[in-house]
Amino acid sequence: MSFEQTACEVFFTDLKAFERRLTEVIACLQPSTLRWRIVLAVISLCTAIGAWYWLTDPHTSDVSFMQSLINHPFFATSSVVLFFLFVSGIHKRVIAPSIITSRTRLVLTDFNMSCDDTGKLILRPRPTQAT
């Protein structure tokens, strides 16, 4: 075996190891991402339902803002929970796999490669030299 064949074999071995690790990381993030999406959807739905009842209540315009929120604890609680979820970074947890893949694509462009949403590497053809 020549030096070039050995170097290519080592390169492809490293490339395959990188691809396996990348797909593993993205696959491990999927269950937690799904859970955070469900949490965000449920609390958003609760807030929307509470807001509907709050806005359609005929007594809302007759009382102060704080009294109106006290009269509608479901809306007030779900709004506060939704606010704290966004402050704690739920929006980043919901899209974590796409953040990782976009940053990986950015780095891989230097090596004339890319990856799909599951982490599989895509080798692009070599650029041709224009004469």
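What tally of residues in the stretch 77-108 results from selecting those that are closer than 17 Å to Leu45 by Cβ and of a type in the set (Ser, Thr, Tyr)?
The total comes to 3.
Considering the stretch 12-48 alone, what residues qualify as being free of Cβ contacts under 8 Å to residues at least 12 places away in the same chain, more than 19 Å from Asp116 (Cα to Cα) and over 20 Å from the mean Cα position of the chain (by Cα)?
Of everything in the stretch 12-48, those that are free of Cβ contacts under 8 Å to residues at least 12 places away in the same chain, more than 19 Å from Asp116 (Cα to Cα) and over 20 Å from the mean Cα position of the chain (by Cα) turn out to be Thr13, Ala48.
Is it the case that some residue within the stretch 82-90 is polar (S, T, N, Q) and surrounded by 11 or more Cβ atoms within 10 Å (Cβ to Cβ)?
No, the conditions are met nowhere in the stretch 82-90.
Quick one: which residue in Ile43, Ile49, Ile70 is among the β-branched types (Val, Ile, Thr), part of a helix (DSSP H, G or I), surrounded by fewer than 12 Cβ atoms within 10 Å (Cβ to Cβ) and at pLDDT 90 or above?
Result of the check over Ile43, Ile49, Ile70: Ile70.
When you go through (1) among the hydroxyl-bearing types (Ser, Thr, Tyr); (2) surrounded by 14 or more Cβ atoms within 10 Å (Cβ to Cβ); (3) modelled with pLDDT under 95; (4) more than 30 Å from Leu15 (Cβ to Cβ) one by one for Thr77, which number turns out not to apply?
Answer for Thr77: the failing condition is (3).
Are there any pairs with C-beta distances below 8 angstrom linking a residue in the stretch 108-131 that is without any contact (Cβ under 8 Å) to a residue 12 or more places away in the chain and in a strand (DSSP E or B) to a residue that is acidic (Asp, Glu) and surrounded by 11 or more Cβ atoms within 10 Å (Cβ to Cβ), with the two at least 6 apart or on different chains, and if so which?
Ile122/Asp116
Among (1) exposed (fewer than 11 other Cβ atoms within 10 Å of the Cβ); (2) in contact with a helix residue (DSSP H, G or I) (Cβ under 9 Å, 6 or more places away or on another chain), which single condition is Pro58 missing?
Status for Pro58: all satisfied but (2).
Take the residues of the stretch 91-102 that are among the β-branched types (Val, Ile, Thr) and in a helix (DSSP H, G or I): which is surrounded by the fewest Cβ atoms within 10 Å (Cβ to Cβ)?
Here the residue is Ile99.
The values are calculated or read from the model by the stated rules, or taken from the named source; none is laboratory data. This is a predicted model, so every value here is computed, not measured. Cβ: placed from backbone, ideal geometry, glycine included. Neighbour counts: every protein chain shown.
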